[in-house]
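None of the figures in this text is laboratory data; all of them are computed from the coordinates on show. Everything numeric in this text was worked out from a predicted model, so none of it was measured. Here the Cβ is made from the backbone with ideal geometry for all residues, glycine too, and neighbour counts use every protein chain on show.
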Amino acid sequence: MRRDPDRIGHCSTGRRWSRPALWLLLLFALLALASTSQLVRHSADPTRVALVQMFGQNTSLGASLLDAYDRAGLPAALHAFCQSRSQLPPVGYCRRKPEVRTVSETVDRADRVVREGFRHGTHGAFPLTAPVDWAADPFGDRSWRFWLNSLEPLDTVISAHAATGDEAYLDFAVGVACDWAEHNPYRVSRNPFAWYDMAVGLRALKLAYLIDAAARELNPDVSDLWTLLYGAWTHAIELAREDTFNRQTNHGLFQAAGLAALARALPELQDSEKWRGIAETRLRAEFQRQFSPDGVHLEHSPGYHLLMTQFLISVLDCQIVDDPGLMALRRKAEDALVWMIAPDGRLPRIGDTDDVVVRRQALGRPEQLQSPELAWVLTEGQRGSPPQETWRVFPDAGYAVFRDWRGAERAGGDEGSYLMLAAGFHSATHKQADDLTLVWHESGSPFIVDAGRYGYYWDEPGRRYCESTCAHNTVEIDGRSTSMRPSDAFGSALTSWGEADGLWFVRAAVERDSLGLRHERTLVYSPHRWLVVIDDIQAGREHRYEQWFHFSPNLSVALAEGGASVRGDDGSAFSVSPLLKREDTALRLVRGQKSPRLQGWTSYRHRQLEPNWALGATLEGDAVVLATLLRLGPTQPVPARASVSRAADGCRYDLAWQVDGKSEGFSLWCPAGAHRKCRLVSATEPLG
């Protein structure tokens, strides 16, 4: 068969191809093969894949970065990224707390971190020289491990860079952050605190600043910048997830704020708008949920109210969220904080509250505070205006506070009185078995104190003690602690409050369904003179009740005729007297007891207990009333009238005593039914 030179080949359909067409087909095949080979190479290049996932490939910046990468590699792509930053305003650093320090103080703190490493609490320095062992536990302290992995030591270093522009601080912070990222890959690291929810949020606040600052350097290190950029992207992915978002505690607020900061710092990322929407929605919802309508943080601790008020101010001042509702909440939270600062400038150690002095600029510059009363308290009268009331009740949160502001505007101390009743149970978060506990200060000094936080070491006896009912100024029933289970939360237990004849009173009630009883506590207070604590318990069966009072460690206490006498190093003195003492009432004093259980301790420092005197009044029965008088002065009062009468329409307490031949006391009528106003008169005007 003769070959036709004009027919080179044919397909199965019989169609024949000319030589030019065949060459064209071969060219297309080679181009397709080259394209396929390029796609294979691209799909096998994890850096390019990450760039596509981060920036997309259909946006102008994404296409520009990919083109630069394909031509000259990662340095060219990151150079294009850095060029795009010049079109954006610099990113400010959103700190966890808005505290204001001088530049020299900030620099000194930063230099100490650079020179010595990370310090937390009473622990020694931990060097931050690469490579850092981020899973280390040199002190057996889980809080230390958490703060290390939150990159908390970088806070002052970043602040020093923001204040001075000194690139040495930036280089140090970037180096530490990159070392963390290299040793804790996303969802692979076995370090238990590496991807802990709150740690991720706090770390994200720092990454947001570091990426922007590093990208604005003249010659940024390509490897470090890529590590930061990739790390920020994985942090945003983690923070945007629904299944790891913690709505149960304040941790969720730090997660949402971290995501908002990253979205603001990296608008070039293709998902940044979506992340910003998620973050802002969560921030609004969580701040409103975690604060009561009367502006108090609902985690049962003045310390956490301070912390979350500080964070709310930081979030608003840094403008990572803009919301009129949150601005209104800020004002309420600042107003509430006014009443949580005791005469010595400290927070009452109720719930998980440490021994904290609220500094003048702890919430930023006093002139920028929304509350003029808070500015007045923090500046000792130099700014703002004094509170016009001497007591404040927060019925939604469950706090009632009396505060005499006498002397608060003078430096060096406050002569005023202070009394707080805590009667809230909203969740299990930072809740201790302390329902209806109280703290009391007179002449600027603490008299009755609470247990404090100790630390989150639930397997340690110190933590278990500080959480237990017997560590608080309330009533222990049958030698057991009251429930801290969320299912038993009752919200606020406050039922009535008011003032009359120079006396102030507050009343709260808790139903103990598991024990079949109702516990009503009433405080009647005459500032600078005396305090009466009434615990009225009605039960369907017999129980053993012990009313506890815990005294400041600097006070000495001794049993005396009919009660106890208390004296301070400064010469202060007061007495403790049961007013409705039955023959079977037993009083006992305990200090620094270790066996058969801990009793007579308080915690001022992390993981440390300090001995203090605790006075317990014990009574048994199905229905009992424990009424105790705490009166200033060295003289022991003599009970003169003590009766409790009940009727279908309510209950009446008539309590009076004599001191040096003079009569004191009161009559209180409490109508039946919740939230019905009680009537109070002094003993000089008996209730008719």
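Sorted from largest to smallest, which semi-axis lengths in Å does the alpha carbon gyration tensor of the stretch 155-255 give for its equivalent ellipsoid, taking the root of 5 times each eigenvalue?
Each semi-axis is the square root of five times an eigenvalue, giving 25, 15, 11 Å.
Suppose R0 equals 30 Å; then what is the FRET efficiency for Ser86 and Thr281 from their Cβ-Cβ distance, rounded to the nearest 0.05? Don't skip to the answer; put the middle values down first.
Numbers: r = 31 Å, r/R0 = 1.03.
The calculated FRET efficiency here is 0.45.
Which values of log₁₀ I(q)/I(0), to two decimal places, follow from the Debye formula for the stretch 417-635 at q = 0.13 Å⁻¹ with a uniform point scatterer at every Cα?
-0.73
Can you list the aspartates and glutamates whose alpha carbon sits under 15 Å from that of Lys581, skipping same-chain ones fewer than 8 residues off?
Within the straight-line cut-off, Lys581 pairs with Asp535, Asp536, Glu546, Glu561, Glu620, Asp654.
Which whole number of Å³ per residue matches the convex hull of the alpha-carbon atoms in the chain? Spell out each step's value before the answer.
Working: hull volume 152.3 nm³, N = 688.
Here the figure is 221 Å³ per residue.
Along the charge dipole of the stretch 201-309, pointing to its positive end and built from +1/-1 on Cβ of Lys, Arg, Asp and Glu, which listed residue (Thr244, Ala214, Leu225) has its Cα farthest out?
Looking along the dipole axis, the top candidate is Thr244.
Along the charge dipole of the chain, Cβ charges K/R +1 and D/E -1, which of Ser427, Thr309, Val510 sits furthest on the positive end?
Of the candidates, Ser427 comes out farthest on the positive side.
Which of Val475, Ala265, Pro386 sits farthest toward the positive end of the charge dipole of the chain, with +1 on the Cβ of Lys and Arg and -1 on the Cβ of Asp and Glu?
Ala265
At a 10 angstrom cut-off on C-beta neighbours, averaged per residue, how do the peptides 380-388, 358-366, 176-184 rank from highest to lowest?
Top of the packing list down: 176-184, 358-366, 380-388.
For q = 0.13 Å⁻¹, what log10 I(q)/I(0) does the stretch 590-659 give under the Debye formula with an equal point scatterer on each alpha carbon and no solvent?
At q = 0.13 Å⁻¹ the computed log10 ratios are -0.68.
Pull up the cross-link candidates among the lysines for Lys274, meaning alpha carbon to alpha carbon under 26 Å and not fewer than 8 places away within one chain.
Lys206
Would you please give the FRET efficiency between Asp137 and Arg679, computed as 1/(1 + (r/R0)^6) with r the Cβ-Cβ distance and R0 = 60 Å, to the nearest 0.05?
Calculated value: 0.50.
In nm, what is the difference between 0.36 nm times the number of residues separating Val638 and Glu242 and their Cα-Cα distance?
Going from the current span to full extension adds 136.2 nm.
Scan the chain and note any complete DSSP helix (H) whose C-alpha atoms cover at least 20 Å along its axis and whose Kyte-Doolittle average is 1.0 or more.
Flagged H segments are 19-43, 197-215.
From Cα pairs below 8 angstrom and at least 6 apart in sequence, can you work out the relative contact order of the chain, rounded to a whole percent?
In percent, rounded to a whole number, it is 8.
What FRET efficiency comes out for Asp569 versus Arg652 if R0 is 41 angstrom and r is the Cβ-Cβ distance? Round to the nearest 0.05.
0.50
What residues qualify as long-range amide H neighbours of Gln608, i.e. H under 5 Å apart, gap of 5 or more or another chain, H built at 1.01 Å from N?
For Gln608, whose amide H was placed from the backbone, there are no distant partners under 5 Å.
When we measure straight from the Cα of Lys332, which lysines land under 23 angstrom away, once same-chain ones fewer than 8 places off are left out?
Within the straight-line limit of under 23 Å, Lys332 reaches these lysines: Lys97, Lys431.
Order of 646-659, 515-528, 121-134 by packing, highest average Cβ count within 10 Å first?
515-528, 646-659, 121-134
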